[in-house]
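This report concerns only the one structure given below.
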Amino acid sequence: MKQLETTLSAQAKMLGAEFYGVTMLENIEDHHHKIPHQLLNNYDKAISIGMVMPNSLVENMINEDYDFAIELYNHFFNEVIVPNLERTALIITNFLEKSGFKAFSLPVNLANFNQQHPEYFHHLIASYAGLGWLGKNNRLVNATYGTRINCITILTNADLEPSETVENGCKQCTLCIDKCSFGALSGVPFHPHHDINDRCNSEKCVNKPIKIEPNKRSLNLKCGICYTICPYNK
């Protein structure tokens, strides 16, 4: 259904998204345990929607006034990016249902995926949906926007064509690994069988980029040097 894909992509971009892509859920079968099993019976595809964080916010995080930059980044992510992603996903989900398909939007900060890194699952989906690749810092990396893309996932059974994946552009670069003072990043190349902790030791990662606080599912960035330093950020 080329017309449906064109409509969904245009709708996402009209609502502020920069990226739209589709992948088959079978591509992430090693991570199906992170999705409630009843959902897998109704959906066979995942739509990935991506919005871009302004470069100025990322640049500020490597300046001297680090505490202010972190506070600003956390506020922008939680109060601007997340609500807009979830609003966009809601509108697209409703559109799909009105078109006769099943659809289910997964929250950005769904703690069941990973208590410390819930957005990793969305980045994994996005990498298979052609929005970029998973870098050595476990973040989605895009050749144009670097690590500044934040994503949300919509499960569906709509007749959509899967997007082409993107070649991993990290190659021999180890900047994020070298700059991690705690040795949390293993440098192991991405493999679909891997869990996030195979590539980033959360016990060593004292910065814990994503933290789920009691009764408040939000991002609480403490460091983030491993993705602010990425040379693709520009």
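Points to keep in mind about this one:
- Scanning the stretch 166-176 for residues that are surrounded by fewer than 18 Cβ atoms within 10 Å (Cβ to Cβ) and touching a residue at least 40 places away in the same chain (Cβ under 8 Å) yields a total of 3.
- Verdict on T165 being modelled with pLDDT of 85 or more, within 30 Å of D44 (Cβ to Cβ) and of a type outside the set (D, E): yes
- Residue selected from the stretch 59-89 under the condition at pLDDT 90 or above and among the aliphatic types (A, V, I, L, M), by the criterion farthest from P107 (Cα to Cα): V80
- Count of the stretch 180-233 residues which are of a type in the set (G, A, S) and modelled with pLDDT under 80: 4
- Candidates L39, L15, filtered to the one that is modelled with pLDDT under 90 and among the aliphatic types (A, V, I, L, M): L39
- Any hit, the stretch 105-120, residues being farther than 16 Å from P83 by Cα, assigned to a helix (DSSP H, G or I), modelled with pLDDT under 95 and not β-branched (V, I, T): yes
- The lone exception for L155 - which of (1) part of a strand (DSSP E or B); (2) buried (at least 24 other Cβ atoms within 10 Å of the Cβ); (3) not charged (D, E, K, R) it fails: (2)
- The stretch 65-104: number of residues that are crowded, with 17+ Cβ neighbours inside 10 Å, among the β-branched types (V, I, T) and in contact with a helix residue (DSSP H, G or I) (Cβ under 8 Å, 6 or more places away or on another chain): 2
The values are calculated or read from the model by the stated rules, or taken from the named source; none is laboratory data. Note that the coordinates shown come from a computational prediction; the quantities given were computed from them, not determined experimentally. Quick reminder, even Gly has a Cβ in these numbers, built from the backbone with ideal geometry, and neighbours come from all protein chains shown.
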